[in-house]
Amino acid sequence: MLGEGILKGLAETAKNFAGSYVSKDRLTTVQYPEERIAPIEATRDFPFLVYDGEDWQAGLRCVACQICEKECPPKCIYIEKSKDKKPDYVGKPQIYPARFDIDISVCMSCQICVEVCPFEAIKMDTVFELATEDRFGGLLLDRSKLAKSNEYYHTIHPTEAAEVDARLAEEKAKVEAKARAAAEAAAAKAAAAPAAGAPAKTEPPAVKPAGGAE
Amino acid sequence: MKTLEEIQAAIEAAVPGAGVEIVPNPAPSGEHSLRLKPETAVEVATFLRDDGELALDYLSNVTGVDWPDKEIAEKVKVTRAVTKTVDGVEQTAEETVEETRKRVEPGFLEVVYHLFSMARSHGPVVLRMRTGNRSDRVDLPSLTPVWRSAEFQEREIFDLYGVVFKGHPDLRRILMWDGFKDHPMRRDYVAPDDFEYEPTPHDEVLARAQAHRAAQQAAAAAQEGTGQ
Amino acid sequence: MAVDEGLKIELGKQGVFVTTLQELYNWGRRSSVWPMNFGLACCAIEMIATTMARYDLARFGAEVFRPSPRQADMMIISGTVTKKMAPQVVRLYNQMAEPRYVIAMGACAISGGPFKQGYNVLKGIDRYIPVDIHIPGCPPRPEALLEAFMALQKKIDAQPLTGEGRPRHLDADAPGEFPVPAQGEHDLEPAANKNVWTVPVVIR
Amino acid sequence: MTNPATEYAAGQGIGDARLDGRMVVDPDSGTDLLEVAMGPHHPSTHGVFRMDVALDGERITRLKPVFGYLHRNHEKLGEGHTYLASMPYTDRLDYICSLTNNWAYALAVEKLAGQEVPERAEYLRVIVGELTRVQNHALSVGFLIQDMGASGTPLMYAFREREKILDLFEALTGSRMMCNYMRFGGCRVDATSEWLDAVRKVVTGLPQFADEFEQLLCTNEILMARTQGVGVLRPELAVSAGVTGPALRAAGVNYDIRKVDRYSIYDRFKFKVPLGEHGDVYDRFMIRLLELRESIKILEQALKEIPDGPVMDPKAKIRNFRPKVGEAYGRIEAPKGELGFYLISDGGPNPYRYRVRPPSFVNLTILEDMCLGHNVADVVLILGSVDIVLGEVDR
């Protein structure tokens, strides 16, 4: 019968129309600003810099090694190294980025910076609501805008952040054990010479990784 | 499928004087290629397509490669044993001259064809052709009459590399606009200067952004100078 | 003349709606922004996804994608603008009726994005036409486009009908035509429209 | 001013052997040809594609595709980037199927460097690759129908299914469209068992979607009238013109790289290669729906068999990856046809030559041959049935 195919199709549309009221699989509209699609943990949007502790300037994990700057495919990261050093999470004095800019008008959210970072300092954010009228200032993020706390990292990527914290804690424990062993050895060796113990002892870390897995 | 040597022999038998060379490929992929002489390329290609056993009826990929003039300085360690000015010791030790004498290996453009057989499900057979140089002897025979799939790809090579395909039915620029003069995929191509705003520059971009700013400042200074 | 916000809400509860002409006018404008059916690259797919059932741009009065620039108020530059395409984009923008708005969707439209250093890629459409809202992202999520659209609506809402910052169709001095760049032998000519494109100096 | 169309008719253009016996312009009609530029801004060119069309009334007498409106210098940028840094760029080639692009590139580099891929990674590649194929075919059919004038409904259904698959991609790779998932020697992250369960759930729903889609479209009289006998592609021409993918198989040529090259682990799965008979738009449309069903079969098998294990070759290097001097051509059966990457290494961190063999671009070679003699309205359909993505055509 001519028109049978069309009728079949129309029946299908009717089924879908009715189905959209009952079946969740038909993905009906999410009323965006009020409702949101359930966040997916792995989501990535733009990079941010993780800091430990309260003060973002003191706690930045980044040591300005510039690996991400070199590996960034569209070259949207700009880093200037600091002249002075400050202790990192294990207490080792490290240089820090005096300037760390990401041009998110160029960033392609590829996550390669995260992959190559040996210090777990740069991670992917999930914030996407960044529409702005400001072409230049609004899209060039500097350190203060990029720095976000480890707690925040835990809220957006809990599993990944827990893994990272466990790894860092392990590393820190290793370093501390090493330092303790060195200190003990130095103390034992310098049992006769009382002044020798002091320089071998490492400074206690200024910042501890907050919210650790331990 | 036949080995490359067998294919070479078959070509020589079918097209006398074809002069096909085997170009080895050291990569683990082991895809060695055949270099054709431009004069006999169309004949050889027709043979490859029509031969019952090879039946390379499907030309998958056509691409250009630019090999610019290479200045070989260090490789000219070939003992220029002319230096007898020494006080009487060995002459071969006179390697210092090489720095000043640089040999320039003339560059060329290369076109690479990847052939497969749909009828017999084998491949790839890789063909290559070279132009005489990179400036005035850049014509090669077009293989579009043999395989239609070369049509747009050869146009692309003409556009981006500047290889002129003789016998191509419609050789025009394809990706860039018609009035465009350069061949941007060549390795010595310099992109136009639009480096005003580069907040995160690196290497070459940094250099060009700085050059751009210097030029702008100079222009501004000159304008101020004329204004006063 | 502005009415006190608190009073207005109070009156609204009583069933009395107070509005100004400006609010009414802008409400009408912002609730029926018709985008142009114009996709350039990857972001266009997300733009289409935004119009589909799950995100539904129609909720904001912008589902009527017009294929003709003459019937459109908003242009979503969704993707890389190449130098070959840029003259056409400017031309299409010129053909749009006032008041017209431009959303640069995605990194490529804003700055050339990851393809910025390509020889045929325009480093941002704002070199030739004024852009109202920029959405970073590669590509931005459909929600990001919705958010940008709401930002545009806010912008429209805030436009006074007279004086400084009035919409372009009420401003006789606003430029109607933007020069279309010509395709030269090596690059677009001119490389940017100096009236639109003012760059801050970043010293590195 | 000379009229290029008449030049063409006089045989000075591309050669009239292509015209297939059809008359190009009626010499007695006394009318002029009308030249129309369809695109680059045209709602049904799937992006910024342009066709310069010469019309005799409604009939196409000449059609010249014009490319380059999305020429983003992919290959040039690839030569300036490290091997790894090109990976996210491949996502943006065929931006509907980023994962298969990743795969083809990874395959080519693995061939170049002689790397092995762990078994679990191969399975994951197959799973994401086939999911990509499903959503691409659904979308391409949806767009085809949209071009036909059925604006909305079928495309909306296709997008609904795509959203489900995209959610899976996002959960695995972090991004909806630009997944950047594969690495040389494996995949970037491992899939959790929850993710695999989610895939199973979606895959169980897919046959129902395919049924619905077929119910909705396949026997629709209007669709059949519009597509059957339109844009016929003869198999000989298809082979000569290097057409690959569904368009080739719709012309009846049995050539599926998954079967021919047996790359990755495709020899472990049982699936059929659907073939068309007439090579017209309807066949190409049907082939996509049938392939979608075959992909579901592969997915079901892969999800059943996926082993545990690592997803990256432990010897694989992420940074400072420098393959030895040489070259390689790696290709896969992407949803649109043969996607190949040709790489020449000079031993440095960047490829010396980075070439993409895009299926859509080569498939367009015969667009004119398919369109000649048809009406303008059919051109839109024929183009839709070739299924192009401009990111890949122009690169």
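The values are calculated or read from the model by the stated rules, or taken from the named source; none is laboratory data. Please read all numbers here as calculations on a predicted model, not as lab measurements. No Cβ is skipped: glycine too gets one built from the backbone with ideal geometry, and neighbour counts run over all protein chains shown. Side chains are part of the model used for accessible areas, which takes the heavy atoms of the whole protein and leaves out ligands, DNA and RNA. Shrake-Rupley method; radii C 1.70, N 1.55, O 1.52, S 1.80 Å.
Helix D:98-113: angle to the longest alpha-carbon principal axis of chain D, degrees 0 to 90, nearest 10?
60 degrees
Taking the inverse of the average 1/r across all pairs of different Cα atoms in chain D, what Kirkwood radius in Å do you get? Show your work: numbers first, answer last.
Details: mean 1/r = 0.0458 Å⁻¹.
21.8 Å is the Kirkwood radius here.
Compute and list, largest first, the equivalent-ellipsoid semi-axes of the protein assembly as shown from the alpha carbon gyration tensor, each √(5λ) rounded to a whole angstrom.
44, 42, 32
Using only C-alpha atoms and all pairs of different ones, pull out the Kirkwood radius for region D:54-106 in Å with one decimal.
So the Kirkwood estimate lands at 13.5 Å.
Equivalent ellipsoid semi-axes for region C:1-133, as square roots of 5 times the alpha carbon gyration tensor eigenvalues: give them largest first, rounded to whole Å.
In descending order the semi-axes read 35, 16, 14 Å.
Pop a pseudo-label 7 angstrom from the Cα along the beta-carbon direction at both A:GLN66 and B:LYS70 and give the gap in nm to one decimal.
Modelled inter-label distance: 3.1 nm.
Cross-link list C:LYS84/C:LYS116; A:LYS81/A:LYS123; A:LYS70/B:LYS70; A:LYS145/D:LYS164: which exceed 25 angstrom alpha carbon to alpha carbon?
Going by Cα-Cα distance, A:LYS70/B:LYS70; A:LYS145/D:LYS164 fall outside the 25 Å limit.
With every protein chain kept in the model, how would you rank D:ARG395, B:ARG35 by accessible area, 1.4 Å probe, largest at the top?
B:ARG35, D:ARG395
With just the Cα atoms defining each centre, how far is region D:240-299 from region A:82-137? Give it in Å.
45 Å
Report the local net charge at A:THR28: Lys and Arg +1, Asp and Glu -1, summed over other residues whose C-beta lies under 15 Å from its C-beta.
Cβ neighbours under 15 Å give a net charge of +1.
Please label the shape of region A:36-125 as rounded, prolate or oblate, based on the square roots a ≥ b ≥ c of the eigenvalues of the alpha-carbon gyration tensor (a/c under 1.5 means rounded; beyond that, a/b larger than b/c means prolate, else oblate).
In terms of gyration-tensor shape, oblate.
Which residue, A:THR126, A:HIS154, A:PRO93, has the largest displacement toward the positive end of the dipole of chain A when charges sit on each Cβ (Lys, Arg +1; Asp, Glu -1)?
Result: A:PRO93, furthest along the dipole toward the positive end.
Using amide H atoms built in the peptide plane, which far-off residues or other-chain residues are under 5 Å from B:PHE165 H to H?
B:LEU140
Using θ = phi - 60° and the Karplus curve 6.51 cos²θ - 1.76 cosθ + 1.60, what whole-Hz ³J(HN,Hα) does each residue of region D:152-158 get, with Gly and Pro shown as x?
So the J values, rounded to whole Hz, are x, 3, x, 5, 5, 5, 5.
Residue separation times 0.36 nm, minus the C-alpha to C-alpha distance between C:ILE9 and C:ARG168: what's the value?
Once the chain is fully extended between C:ILE9 and C:ARG168, it gains 54.2 nm.
Quick check for me: using +1 on Lys/Arg Cβ and -1 on Asp/Glu Cβ, what's the dipole size of the protein assembly as shown about its Cα centre, in debye to the nearest 20?
1480 debye
Report the rotationally averaged projected area of region A:83-175 based on its alpha-carbon convex hull, in square nanometres.
Across all orientations, region A:83-175 yields a mean hull projection of 7.2 nm².
Could you provide, to the nearest whole Å², the per residue accessible area of the protein assembly as shown with probe 1.4 Å?
Dividing the accessible area of the protein assembly as shown by its residue count gives 40 Å².
For D:ILE332, what accessible area in Å² do you get when you roll a 1.4 Å probe over the heavy atoms of the protein chains, rounding to the nearest 10?
Number for this one is 0 Å².
Excluding residues on the same chain fewer than 8 positions from A:LYS85, give the aspartates and glutamates whose Cα lies under 14 Å from its Cα.
Of all the aspartates and glutamates, those that pass the test against A:LYS85 - Cα under 14 Å, at least 8 places apart if same chain - are A:GLU203.
So which residues of region D:111-133 lose at least 20 Å² of accessible area, probe 1.4 Å, when you go from the chain by itself to every protein chain present?
When all protein chains are present, D:LYS111, D:LEU112 each give up 20 Å² or more of accessible surface.
At q = 0.10 Å⁻¹, work out log10 I(q)/I(0) for region D:66-178 with the Debye formula, treating every Cα as an identical point scatterer and leaving solvent out; two decimals please.
-0.37
So which chymotrypsin sites (Phe, Trp or Tyr not before Pro) in region C:1-91 pass both tests, a DSSP loop state and at most 15 other Cβ atoms within 10 Å of the Cβ? Walk me through the numbers on the way to the answer.
Values: sites: C:PHE17, C:TYR25, C:TRP27, C:PHE38, C:TYR55, C:PHE60, C:PHE65; in loops: C:PHE17, C:PHE38, C:TYR55, C:PHE65.
Filter output for region C:1-91: C:PHE17.
Exactly which GluC sites (Glu not before Pro) in region C:115-204 are in a DSSP loop and have at most 16 other Cβ atoms within 10 Å? Write down the numbers at each step before the final one.
Details: sites: C:GLU143, C:GLU147, C:GLU164, C:GLU177, C:GLU185; in loops: C:GLU164, C:GLU177, C:GLU185.
Passing sites in region C:115-204 are C:GLU164, C:GLU177, C:GLU185.
If I take R0 = 41 Å and measure r between the Cβ atoms of B:LYS2 and D:GLU236 in this structure, what FRET efficiency does the formula 1/(1 + (r/R0)^6) give, to the nearest 0.05?
With R0 = 41 Å, the Cβ-Cβ based efficiency is 0.95.
For chain A, modelled as a Gaussian network with Cα springs under 10 Å, which listed residue fluctuates most, A:TYR96, A:TYR32, A:TYR21?
Maximum fluctuation in the GNM of chain A, among the listed residues, is at A:TYR21.
Along the Cα-to-C-beta direction of D:ALA377, a point sits 7 Å from the Cα; which residues of region D:119-155 have their amide N less than 20 Å from that point?
D:142-155
What are the residues whose amide H is under 5 Å from the amide H of C:ASN193, where those residues sit 5 or more places off or on another chain and H is modelled from the backbone?
Counting only residues 5 or more places away or on other chains, the set is C:TYR128.
Among D:GLU79, D:GLU130, D:GLU221, which one shows the highest mean-square fluctuation when chain D is modelled as a Gaussian network with alpha-carbon springs under 10 Å?
Its mean-square fluctuation being the largest, the pick is D:GLU221.
For chain B, modelled as a GNM with alpha-carbon contacts under 10 angstrom, which of B:ASP66, B:ASP159, B:ASP178 fluctuates the most?
Ranking B:ASP66, B:ASP159, B:ASP178 by mean-square fluctuation puts B:ASP178 first.
Quick check: net charge around C:PRO175, other residues with Cβ under 11 Å of its Cβ, Lys/Arg +1 and Asp/Glu -1?
-3
Give the accessible area for D:PHE269 in Å² (nearest 10); use a 1.4 Å probe, count only protein heavy atoms, and leave out ligands, DNA and RNA.
Rounded to the nearest 10, the figure is 10 Å².
For region A:115-129, in order, what is each residue's ³J(HN,Hα) by Karplus, 6.51 cos²θ - 1.76 cosθ + 1.60 with θ = phi - 60°, in whole Hz (x at glycine and Pro)?
Residue by residue, region A:115-129 yields 5, 8, 6, x, 10, 6, 9, 10, 9, 9, 8, 10, 6, 10, 7 Hz.
Would you mind counting up the charge near B:TYR189? Only other residues with Cβ under 10 Å from its Cβ, with Lys and Arg at +1 and Asp and Glu at -1.
Result for the neighbourhood of B:TYR189: 0.
If you project the alpha carbons of region D:213-333 onto the principal axes, what extent comes out on each, in Å, largest first?
Computed over region D:213-333, the largest-to-smallest principal extents equal 57, 36, 24 Å.
Among D:ALA241, D:LEU196, D:ASN102, whose Cα projects farthest towards the positive end of the dipole of the protein assembly as shown, with charges put on the beta-carbon of Lys, Arg (+1) and Asp, Glu (-1)?
Comparing the listed Cα positions along the dipole, D:LEU196 ranks first.
Report the gain in length on full extension from B:ARG187 to B:ARG172: 0.36 nm times residue separation, minus Cα-Cα distance, nm rounded to one decimal. Please report the intermediate quantities before stating the final value.
Values: separation 15, 0.36 × 15 = 5.40 nm, distance 2.13 nm.
Here the segment from B:ARG187 to B:ARG172 would lengthen by 3.3 nm.
Restricting to Cα atoms and excluding each atom paired with itself, what does the Kirkwood estimate give for region D:175-238 in Å?
Taking the inverse mean of 1/r over all distinct Cα pairs, region D:175-238 comes out at 16.3 Å.
Using the Karplus curve 6.51 cos²θ - 1.76 cosθ + 1.60 with θ = phi - 60°, work out ³J(HN,Hα) for each residue of region B:20-26 in order, rounded to whole Hz, and write x for Gly and Pro.
Per residue, the Karplus-derived 3J(HN,Hα) values read 7, 10, 9, 9, x, 10, x Hz.
Taking amide H positions as placed 1.01 Å from N in the peptide plane, with prolines and chain starts having none, which residues 5 or more places from C:ARG66, or on another chain, fall under 5 Å of its amide H?
C:MET36, C:ASN37
Starting from the 7 Å offset along Cα-to-Cβ, what nm value, one decimal, do you get for the label separation of C:ARG91 and C:GLU63?
3.3 nm
How many Å³ per residue does the convex hull of the Cα positions in chain A occupy?
194 Å³
So what's the Cα pair-distance distribution over chain B, bin width 5 Å, in %?
1, 6, 10, 12, 12, 11, 10, 9, 8, 7, 6, 4, 2, 1, 1, 0, 0
What's log10 of I(q)/I(0) for region C:118-187 at q = 0.18, 0.22, 0.28 Å⁻¹, Debye sum over Cα points only, no solvent?
Relative scattering, expressed as log10 I(q)/I(0), comes to -0.95, -1.08, -1.25.
With r defined as the distance between the Cβ atoms of A:GLU151 and B:ALA14 and R0 fixed at 56 Å, what FRET efficiency is calculated, to the nearest 0.05?
Working from the Cβ atoms, E equals 0.15.
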